[in-house]
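**Student:** Below is a structure I'd like to ask you about.
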Amino acid sequence: MAVITTKQTGIIAEALNAFQIELPSWGFANTGTRFGKFLQAGAASTIEEKFSDAGQVHRWTGVCPTVALHILWDLPQGIGSVDEVHALAARHGLRAGSINPNVFQDKVYKYGSLGNPDACVRKQALDHILDSVEIGQRLGSRDVL
């Protein structure tokens, strides 16, 4: 049987203390696949409810301090929603995590977004991504996915 040394125990404790999981906002809402939506009693339907739920998970676990956000699902007013999201995050002891632009849902993206053959659609997608980058910067997010 292997014996764990004091040094190894310290390394393990440090790793566990640094361990964090980012919660996706959509995980608190009704979810699904392209084949259907799975409705759940009590599912979050607003960004306030999503932050409230995520805050509760973080209070219980202590390892979920950030919430991944989707633009424009979670910030329907785009940059205009930043102050509300900041306030909600602070109220629930959280931070904005990764920022996810939505360049796949609208019918205009049927043939792609940045690779779309239509220059207007490519510009729309690029503008949305750049707006998402600015939102991420204003929220102090590290990642724009």
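**Student:** Suppose the chain between TYR111 and GLN8 were pulled fully straight at 0.36 nm per residue; how much longer would it get relative to their current alpha carbon spacing? Please list the in-between numbers first.
**Tutor:** Details: separation 103, 0.36 × 103 = 37.08 nm, distance 5.22 nm.
Gain on extension, TYR111 to GLN8, equals 31.9 nm.
**Student:** What angle do you read, to the nearest 10 degrees and between 0 and 90, between the alpha-carbon axis of helix 119-139 and the longest principal axis of the chain?
**Tutor:** Long axis of 119-139 versus the principal axis of the chain: about 40 degrees.
**Student:** Okay, moving on. In the neighborhood of ALA89, defined by Cβ-to-Cβ distances under 15 Å, what is the net charge if each Lys or Arg adds +1 and each Asp or Glu adds -1? Don't skip to the answer; put the middle values down first.
**Tutor:** Working: positive: LYS50, ARG59, ARG91, ARG95, ARG138, ARG142; negative: GLU22, GLU48, GLU49, ASP53, ASP74, ASP83, GLU84.
Residues close to ALA89 contribute a combined charge of -1.
**Student:** Also, I was wondering about something else. Under the rule of at least 5 residues apart or a separate chain, name every residue whose amide H is placed under 5 Å from the amide H of THR31.
**Tutor:** The list, which skips near neighbours in sequence, is PHE38.
**Student:** In the chain, if the dipole is taken from +1 on Lys/Arg beta carbons and -1 on Asp/Glu beta carbons about the Cα centre, which of GLY93, LEU23, VAL82 is farthest to the positive end?
**Tutor:** Most positive-ward Cα: LEU23.
**Student:** How large is the charge dipole for the chain, taken about the Cα centre, if only the Cβ atoms of Lys, Arg (+1) and Asp, Glu (-1) carry charge, to the nearest 20 debye?
**Tutor:** On the way: 13 positive and 14 negative charges, 67 e Å.
Taking the Cα centre of the chain as origin, the dipole is about 320 debye.
**Student:** Oh, and also: Provide Rg over Rh for the stretch 15-145; use the alpha carbon set for both Rg and the Kirkwood Rh (inverse mean inverse pair distance). Could the numbers behind the result be given before it?
**Tutor:** Working: Rg = 15.8 Å, Rh = 15.7 Å.
Radius of gyration relative to Kirkwood radius: 1.01.
**Student:** In the chain, carbon and sulfur make up what percent of the accessible area (probe 1.4 Å)?
**Tutor:** Numbers: 5460 of 9500 Å².
C and S fraction of accessible area: 58 percent.
**Student:** With just the Cα atoms defining each centre, how far is the stretch 30-56 from the stretch 6-22? Give it in Å.
**Tutor:** Using only Cα atoms to place each centre, the spacing works out to 31 Å.
**Student:** Sticking with this structure for a sec: Just want the answer: with Cβ charges of +1 for Lys and Arg and -1 for Asp and Glu, which residue in GLY32, VAL121, ALA2 is farthest toward the dipole's positive end in the chain?
**Tutor:** ALA2
**Student:** For the stretch 24-79, what percent of Cα pairs sit more than 16 Å apart?
**Tutor:** Numbers: 730 of 1540 pairs.
Every Cα pair in the stretch 24-79 considered, those over 16 Å come to 47 percent.
**Student:** What do you get for the angle between helix 47-61 and the principal long axis of the chain? Use alpha-carbon atoms, 0 to 90 degrees, nearest ten.
**Tutor:** Helix 47-61 and the main axis of the chain meet at about 10 degrees.
**Student:** Treating the angle as unsigned and between 0 and 90°, give the value, to the nearest 10°, between the Cα long axis of helix 6-18 and the longest Cα principal axis of the chain.
**Tutor:** Roughly 30 degrees, rounded to the nearest 10.
**Student:** Taking the Cβ of PRO24 as the center, what net charge do the other residues with Cβ under 12 Å away carry, scoring Lys and Arg +1 and Asp and Glu -1? Write down the numbers at each step before the final one.
**Tutor:** Details: positive: LYS50; negative: GLU22, ASP53, ASP74.
It works out to a net charge of -2.
**Student:** Right, here's the next one. Averaged per residue, what accessible area in Å² does the stretch 5-145 show with a 1.4 Å probe, protein chains only? If you can, show how the numbers build up before the last one.
**Tutor:** Working: 8960 Å² over 141 residues.
Averaged over the residues of the stretch 5-145, the accessible area is 64 Å².
The values are calculated or read from the model by the stated rules, or taken from the named source; none is laboratory data. These numbers were taken from a predicted model, which means no experiment stands behind them. Note that we place each Cβ from the backbone using ideal geometry, even for glycine, and neighbour counts take in every protein chain shown. For the accessible areas, the whole protein counts, side chains as well, though only heavy atoms, and no ligand, DNA or RNA atoms are used. Shrake-Rupley method; radii C 1.70, N 1.55, O 1.52, S 1.80 Å.
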